[in-house]
Amino acid sequence: MRRLLVVLVLVLLPVLAFGAKQEVYVFNWTEYIDPGVIKQFEQETGIKVRYSTYDSNEAMFAKLKLVKKAGYDVAFPSTYYVERMRKLNLIQPLDKAKIPNMKHINPSLLNKPYDPGNAYSIPYMWGSSAIGVNSKYVDPKGITSWNDLWNPKYKGKVLLMDDVREVFAMSLRSMGYSGNTTDSAQIRKAYEKLLKLRPNVKVFNSDSPRQPFLNNEVVIGQIWGGEVYQANQENRDIKLIYPKEGAIFWADNMVIPGSARNVGLAYKFIDFLCRPEVAKKNCEYIGYATTNLKAQQMLDARTKNHKAVYPDDAEMKRGEFQSDVGEAIMTYEKYWEMLKTQ
Amino acid sequence: MVRSRFRNFSIGSTMLWIIIFVVVPYIFVVLFSFLERDPVTTVAWRFTLAGYGEILSPVFLKVCWYSLLLALGTTVISLLVAYPFAFFLVRLPEAYRRILLLLMIIPFWTSSLIRTYALVILFKANGIINTFLLWTGVIDEPLNLLYTQTAVFVGLVYTLLPFMVLPLYTSIHKLDWRLIDAARDLGATSRHIFFRIILPLTMPGIVAGSTMVFLPALGLFYIPDFLGGARSMLIGNFIKNQFLTTGNWPVGSAASVFLTLIMCLFLYVYFLSSRKAHTGGMGDMA
């Protein structure tokens, strides 16, 4: 019995010792923050950061849905998940007065259909998916549209994302529809068009689409803007082209879940991440585009002018952010399964 | 007394581990497979067979068929490669045998994911094999190696081969060579000796090895994804998409239960054949 007590005390001691300290529970994508930034926050505020990671929106969503109280204080869902979580009351409205540094966020990234007025979310990192080409094999001047991927001369040379929404958004936009459509007739048409693309497709990859480009396995296809920037450090021939139908944009956003333990600390942490010097550090560490205009201006000339990472305003207007499609996702998935079993 | 307490503890803790992390989650999977999908609460507590109805679709049957073919192909290739290897391994002097067995096991110290990436480096268009062949002038254009069916089989066989070799090695090792000498004395041809004596006696190893290759091959989907270019959907991909993309847990659960049933069927066949090997025929004489 006494031994049991000793064991109990030993187990509980660290918990008791740290219990007095303030803690903020952060739930973020893997490799999505500069560890130095966390340390800096802890030193400045004395608040301990309890950091956990996830590798997909779905995993994050499933976990947040299960936790009813005393959950995470800050999470980073993508656009369409912000919308979904907002509809299900899983995240709470933000008090902008507590985030003074929000003024540095790029206005052209705010007030998008997935979260009007940014009532619930503040964009953290963002980027595009557009057409990647290897200019050694494909003349970039000849490529202007998503429809160029269907050109028979690229048989077995095309890369598509391994992501149902990205692939369908591309096909939908190539026909002039919205990539966020919920109309099953349009989704079916997109599927029928994708069937014709299949002979051209060599690989589906959305984890690291630059690799098949760098390996000379494909010469044209979908790619993330940030991946082109990373590819260029090895090979300058990989280029990004914004199609005339518009690129597909994504953003990951800071939100406060409804089940947060400590909302006050969550605001402190979010405001800290919106500080330009901190945003710059994160952006340099992660390699994606920062949403922080001030931080962007502080970057070196090559990075901040790299069009693949920071598209100009015209491209921004032409493109579209992914938003939630609700129950239509079942239709998308049905056609995706059919496409993949052909 | 102390020994029996230790025994109870070790059995008990293992059982507890299995109950918490295998049995209980699996009960949930079975339970969810009979529930209704709900967009807000994930599942609604209403009994339905809709999950099973949905996996009877032609798409899922295609997915299953392709997964089974892939696993079966991997098993057959592994067997054809491993059997002669295990056979010659047994006949080597002990010192060499130990080294070769060790070499067989060493790759296990590295994660299979990393070893799959290593295969990508070998196979890619500007990879080691193509660069070498281009340099020697054997080819002018890089060969299409990566993202092919062959690459998928190479990856699966490479990863699972030791599971085939080790059981085969054990059962060939136990083979009584005097039986073969006797058969030869009595005038049996080499073909007869192999098919009538060696093959039946090593059947337990063949069945064990095949089971140990076939079952994991059925579930491994990252190797076909990386080396095959993710162009086809396997059972593993299908289940993952049901849970993560559409949030359709009942269908994902039903597909998982279906996969488990297939695996149980194969384990049952294994159980039957291993019992037969122990109770009757030549097995006892060896």
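The values are calculated or read from the model by the stated rules, or taken from the named source; none is laboratory data. These numbers were taken from a predicted model, which means no experiment stands behind them. Neighbour counts run over all protein chains shown; Cβ positions are idealised from the backbone, glycine included. When the accessible area is computed, the model is the full protein with side chains, heavy atoms only, and any ligands, DNA or RNA have been set aside. Shrake-Rupley method; radii C 1.70, N 1.55, O 1.52, S 1.80 Å.
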*Semi-axes, largest first, in whole Å: what does sqrt of 5 times each Cα gyration tensor eigenvalue give for the protein assembly as shown?*
48, 34, 25
*What angle do you read, to the nearest 10 degrees and between 0 and 90, between the alpha-carbon axis of helix A:263-273 and the longest principal axis of chain A?*
50 degrees
*How many angstrom lie between the C-alpha centres of segment A:163-239 and segment A:275-303?*
27 Å
*If you line up the long axis of helix A:164-174 against the longest principal axis of chain A, both from Cα atoms, how many degrees apart are they, to the nearest 10?*
40 degrees
*What is the dipole size for segment A:19-124, taken about its Cα centre, with +1 at each Lys and Arg Cβ and -1 at each Asp and Glu Cβ, in debye to the nearest 20?*
420 debye
*chain B: most fluctuating residue of B:Pro167, B:Pro250, B:Pro25 per GNM, C-alpha cutoff 10 Å*: B:Pro25
_I'd like the accessible area for A:Ile241, computed on protein heavy atoms only with a 1.4 Å probe and all protein chains in place. Round to 10 Å², please._
20 Å²
*Would you please give the residues with an amide H less than 5 Å from that of A:Ala260, counting only those at least 5 places away or on a separate chain, with H modeled from the backbone geometry?*
A:Gly71
*With +1 on each Lys and Arg Cβ and -1 on each Asp and Glu Cβ, and nothing else charged, work out how big the dipole of chain A is about its Cα centre, in Debye to the nearest 20.*
320 debye
*Specify the angular offset, from 0 to 90 degrees and rounded to the nearest 10, of the alpha carbon long axis of helix A:329-340 from the longest principal axis of the alpha carbons in chain A.*
50 degrees
_For a distance above 16 Å, tell me the whole-number percent of Cα pairs in segment A:261-330 that qualify._
61 percent
*Within chain B, which complete DSSP H helices have Cα atoms spanning at least 18 Å along the helix axis and a mean Kyte-Doolittle hydropathy of 0.0 or higher?*
B:2-18, B:58-91, B:149-173, B:203-219, B:249-279
*Considering only protein heavy atoms, what is the solvent-accessible area of A:Leu64 at a probe of 1.4 Å, reported in Å² to the nearest 10?*
10 Å²
*Would you mind working out the magnitude of the charge dipole of segment B:58-284 relative to its Cα centre, with +1 at each Lys and Arg C-beta and -1 at each Asp and Glu C-beta, to the nearest 20 Debye?*
300 debye
*Calculate, in whole percent, how much of the Cα-Cα pair population of chain A lies beyond 26 Å.*
52 percent
*Given the options A:Met170, A:Met60, A:Met298, which has the most mean-square fluctuation in a GNM of chain A, springs set between C-alpha atoms less than 10 angstrom apart?*
A:Met298
*Carbon + sulfur, % of accessible area of segment B:142-240 - ligands and nucleic acids excluded, 1.4 Å*: 65 percent
*Extent of segment B:123-210 along each principal axis, from alpha carbon coordinates, in Å, largest to smallest?*
57, 27, 18
*Estimate the FRET efficiency between B:Arg275 and B:Asp176 by the formula 1/(1 + (r/R0)^6), using the beta-carbon distance for r and 22 Å for R0, to the nearest 0.05.*
0.55
_So if I restrict to the alpha-carbon atoms in segment B:58-284, what is the Rg, and what is Dmax, the biggest pairwise distance, in Å?_
20.9, 67
